[in-house]
Amino acid sequence: MSFVMQPHLRVVDSAPERDFRADMHAALRAPRRSISPKYFYDARGSQLFDAICELREYYPTRTELALLRGHAGEIAALAGHDAEVVEFGAGSLRKVRLLLDALDSPVGYVPIDISGEHLEQAATQLRGDYPGLAVHPVVADYTQPLQLPAGTRKAGMRLGFFPGSTIGNFDPEQALRFLRMAARVLRGGALLLGADLVKDPAVLHAAYNDDAGVTAAFNLNLLARANRELGTDFDLDGFAHGAFYNSPRRRIEMHLVSRRAQRVQLDGQSYTFEEGETLHTENSHKFTVDGLRALAQEAGFTPGPVWTDPNRLFSLHWLVA
Ligand code: AVJ
């Protein structure tokens, strides 16, 4: 590719950086532009996401934490002793700590994440706090077919953990593919899955259009990251945060909306944006309890207990693999 030849560019030879560059080219070339939300999560983006989780308007994190706390005993009973926890994405340590604290002598923790740096940090912290726990991080993209290290000796069930409604970032077909893969690697065990629920669109709208503008900053950080890592020249003032509920498709869509006609350069190529043209940065699908259970069943799980909060904002599913 031509960009390798450009001496003014800092070329970091890592798979994630190459993917970001290739995916940004593909996004900018396409007539309807979209890029994976996985690129939100550089160091700055992860910080902003943590700030989102604290927002008054953003109910998913605190609701799910309350469900985990409130049903820790039932979850522990279902998991039995000596479980090995496999987390898809090394997300917030807070959630997995709650789970590990609830479980009866968990023997292993296998976090899977595309960011090796993020994984190492998570692993080091957990090793310090859970001396008896075998922590085996796996650097991988869990949207791709996956091999896990052989189960820990004397382990009980393999318990998958996929909190935060991250499953909502997938299209329905991708979600099915992910769940099929999860059912395969967890066979004989179970998956504990968090899924955000369909609800009053005004509540959803507020959660992705917070008054403090943190979600807007999170969305725009994608362009700032591209400028830092890929050498693009996105004008951050030239784009606006756009988030709306697409009700037929039951999803929040986030876009970066061009405020005017403009050009962006990447690796010597110039791309134009018309006023109002967007780069689609995220889908966040919402589920019904029955819809999620049907999807899991289609993927090879046997749906078990479901826990929801009194306002039915969020759901936590026990799915037998
Ligand atoms: C981490 C994907 C579940 O979709 O709600 C938060 C990410 N985007 N605010 C979500 C997000 C905007 C979040 N997930």
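Throughout, read-outs are computed from the coordinates displayed, never taken from laboratory work. Computed from a predicted model, the values in this text were never measured in an experiment. Cβ sites come from the backbone with ideal geometry, for glycine too, and all protein chains shown count toward neighbours.
Tabulated results
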item: C-alpha long axis of helix 116-129 to longest principal axis of the chain, angle in °; result: 30 degrees
item: Relative contact order, percent, the chain [alpha-carbon distance under 8 Å, six or more residues apart]; result: 20 percent
item: Cα Rg, Dmax (largest Cα-Cα span) when computed across the chain, Å; result: 20.3, 62
item: Distance between the stretch 134-189 and the stretch 57-111 - C-alpha centres, whole angstrom; result: 14 Å
item: Using θ = phi - 60° and Karplus 6.51 cos²θ - 1.76 cosθ + 1.60, couplings along the stretch 32-49 (whole Hz; Gly, Pro as x); result: 10, 8, 8, 9, 5, x, 4, 7, 5, 9, 7, 4, 5, x, 5, 4, 5, 5
item: Highest-first arrangement of 311-318, 240-247, where packing means the average Cβ count within 10 Å; result: 311-318, 240-247
item: Sum of side-chain charges, Val198 neighbourhood, beta-carbon under 12 Å (Lys, Arg +1; Asp, Glu -1); result: +3
item: Per principal axis, descending, Cα span of the stretch 168-321 in whole Å; result: 52, 34, 25
item: Local electrostatic count at Leu48 - Lys and Arg +1, Asp and Glu -1, tallied over other residues with Cβ under 12 Å; result: -2
item: Cα-based helix-to-principal-axis angle, 60-70 vs the chain, degrees rounded to 10; result: 10 degrees
item: Peptides ranked, highest mean first, by Cβ atoms within 10 Å: ranges 156-166, 268-278; result: 156-166, 268-278
item: Under-5 Å amide H pairs with Val86, H placed in peptide plane, nonlocal only; result: Val110, Leu159, Gly160, Phe161
item: Relative contact order of the stretch 232-272, defined on C-alpha pairs under 8 angstrom at six or more residues apart (%); result: 39 percent
item: Using θ = phi - 60° and Karplus 6.51 cos²θ - 1.76 cosθ + 1.60, couplings along the stretch 278-290 (whole Hz; Gly, Pro as x); result: 10, 9, 7, 9, 7, 10, 10, 6, 10, 10, 9, 4, 5
item: Most positive-pole-ward Cα, Leu67, Leu48, Leu103, against dipole of the stretch 14-108 from beta carbon charges; result: Leu48
item: Residue-averaged [θ]222 nm for the chain, counting only DSSP H segments that reach four residues, each worth -39500 (n - 2.57); result: -11500 deg cm²/dmol
item: Net charge over other residues, Cβ less than 13 angstrom from the Cβ of Glu298 (K, R count +1; D, E count -1); result: +1
item: Debye, to nearest 20: dipole size of the stretch 100-172, +1 on Lys, Arg Cβ, -1 on Asp, Glu Cβ; result: 380 debye
item: Debye, to nearest 20: dipole size of the chain, +1 on Lys, Arg Cβ, -1 on Asp, Glu Cβ; result: 560 debye
item: 0 to 90° range, to nearest 10: angle between helix 15-29 axis and the chain longest Cα axis; result: 50 degrees
item: Cut-off 15 Å, label 7 Å out along Cα→Cβ of Val203, residues of the stretch 282-316 by amide N; result: 286-289, 308-316
item: Relative contact order for the stretch 56-132, counting Cα pairs under 8 Å that sit 6 or more residues apart, in percent; result: 31 percent
